[in-house]
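Peer 1: Once you've had a glance at the structure underneath, I'll fire off some questions.
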There are 2 protein chains.
Amino acid sequence: MDQLSATFAALADPTRRAILARLTDGPATVKELSEPFDISGPAISKHLRVLEKAGLITRGREAQWRPCQLDATPLKEVAVWAENYRRFWDASYTRLDALLTEMKETEQ
Amino acid sequence: MDQLSATFAALADPTRRAILARLTDGPATVKELSEPFDISGPAISKHLRVLEKAGLITRGREAQWRPCQLDATPLKEVAVWAENYRRFWDASYTRLDALLTEMKETEQ
DNA sequence: AGGTTAGATAACCAAGTGGTTAGGTACGAG
DNA sequence: CTCGTACCTAACCACTTGGTTATCTAACCT
């Protein structure tokens, strides 16, 4: 799977996005990350593996803790990708684009 | 499923992103959209349904054609979400953020 | 050494995904 | 009316996903 697809797939889950949001406050242990959710440890473990494979977090080792840290690099690619559609966000731009397309067609 | 999750899930497939990219050139029929890919019609149909449910395309009716049109509104939400992580994209910002966090902690 | 805590792994389950083939509907053309 | 085209639905398949419980390792603390 390509990087962008992996990133989007990882972000398509509210729990994982909440984990990322939590990590903007700094590194956290698995236990700390799991506290806001009422799901089991293994479920969190799986979410973290998805995030790690997508390159969105890195994991260290400190005694019996495996602290997670945010790595937002892949999100830059997401933002850049989305920005390419900026001109289509607004209906007026959509109408303008339709007009431009029409003009281009009548030119030929 | 919430809007943002549905959008991310829809974007987590290269075929669907390619369809969206094609639609930036203007509306297209299902047949036209399916031409670049060597997958069956029903497979394209499913992709289009995912995109439609995510609000990324709208579908009209013209005789036996069902023209698809891009609706990039949900992508604005994606861009806004990603922008919130801009300060973490760059390692220098990450270090700065770590410093700020440390300063905030020693303050208390 | 024994107990507790953090965390991962394994095995399982229900539901979803991405694909297929087969068949159905709706419309235009001859 | 019949044929071809565009598109959808249905049924199926292999694989993935998000969750569970049970079990394991590793490290700390008495």
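The values are calculated or read from the model by the stated rules, or taken from the named source; none is laboratory data. Source: prediction; values computed, not measured. With ideal geometry, Cβ positions are generated from the backbone for all residues, glycine too; neighbour counts draw on all protein chains shown. Ligands, DNA and RNA are excluded from the accessible area calculation, which covers all protein heavy atoms including side chains. Shrake-Rupley method; radii C 1.70, N 1.55, O 1.52, S 1.80 Å.
Peer 1: Treat every Asp and Glu Cβ in chain B as -1 and every Lys and Arg Cβ as +1, leave all other atoms uncharged, and give the resulting dipole magnitude about the Cα centre to the nearest 20 debye. Working shown, then result.
Peer 2: Numbers: 15 positive and 16 negative charges, 103 e Å.
Rounded to the nearest 20 debye, it is 500 debye.
Peer 1: Separate question: With each run of n ≥ 4 DSSP H residues scored as -39500 (n - 2.57), what mean residue ellipticity at 222 nm is computed for the protein assembly as shown after dividing by its residue count and rounding to the nearest 500 deg cm²/dmol?
Peer 2: Counting only the DSSP helices, I get -18500 deg cm²/dmol.
Peer 1: Take every residue in peptide B:73-84, count the Cβ atoms of other chains within 10 Å of its Cβ, and give the average of those counts.
Peer 2: Numbers: counts 6, 3, 8, 6, 2, 8, 10, 2, 7, 13, 5, 6.
For this peptide, the per-residue mean of nearby foreign Cβ atoms is 6.
Peer 1: Which FRET efficiency value, to the nearest 0.05, do you get for residue B:99 and residue A:96 by plugging their Cβ-Cβ distance into 1/(1 + (r/R0)^6) with R0 = 41 Å?
Peer 2: For residue B:99 and residue A:96, the calculated efficiency is 0.35.
Peer 1: A further question follows. Quick one: buried accessible area between B and A, total over both chains, 1.4 angstrom probe, nearest 100 Å²?
Peer 2: Accessible area lost upon association: around 2500 Å².
Peer 1: Here is a further query. Using a Debye calculation, one point per C-alpha and no hydration shell, please list log10 I(q)/I(0) for chain B at q = 0.12, 0.21, 0.23 Å⁻¹ in order.
Peer 2: Listed by q, the Debye log ratios stand at -0.53, -1.07, -1.21.
Peer 1: Considering only Cα-Cα distances, which of the following residue pairs are longer than 24 Å: A:31/A:53; A:53/B:76; A:53/A:76; A:76/B:76?
Peer 2: On the way: A:31/A:53 20 Å; A:53/B:76 26 Å; A:53/A:76 16 Å; A:76/B:76 15 Å.
With Cα atoms farther than 24 Å apart: A:53/B:76.
Peer 1: Given a 1.4 angstrom probe, I'd like the percentage of the accessible area of the range B:3-107 that is carbon and sulfur, rounded to a whole number.
Peer 2: 52
Peer 1: Let me ask another. Of the peptides A:11-17, B:6-12, how do they stack up when ordered by the mean number of other Cβ atoms within 10 Å, highest first?
Peer 2: Going from most to least packed, we get B:6-12, A:11-17.
Peer 1: Same structure again: How large is the charge dipole for the protein assembly as shown, taken about the Cα centre, if only the Cβ atoms of Lys, Arg (+1) and Asp, Glu (-1) carry charge, to the nearest 20 debye?
Peer 2: 500
Peer 1: What average count of beta carbons from other chains do you get within 10 Å of the Cβ of residues in A:17-23?
Peer 2: Mean shielding count: 2.
Peer 1: Starting from the Cα of residue A:52, step 7 Å along the direction of its Cβ; do the same at residue A:40; then give the gap between the two resulting points in nm.
Peer 2: 1.9
Peer 1: Follow-up. Which is farthest toward the positive dipole end of chain B among B:5, B:81, B:100, measuring Cα position about the Cα centre, with Cβ charges +1 (Lys, Arg) and -1 (Asp, Glu)?
Peer 2: Of the listed residues, the answer is B:5.
Peer 1: Work out the mean other chain Cβ neighbour count within 10 Å for the residues of B:2-13 and drop it here as an integer.
Peer 2: What the average comes to for B:2-13 is 5.
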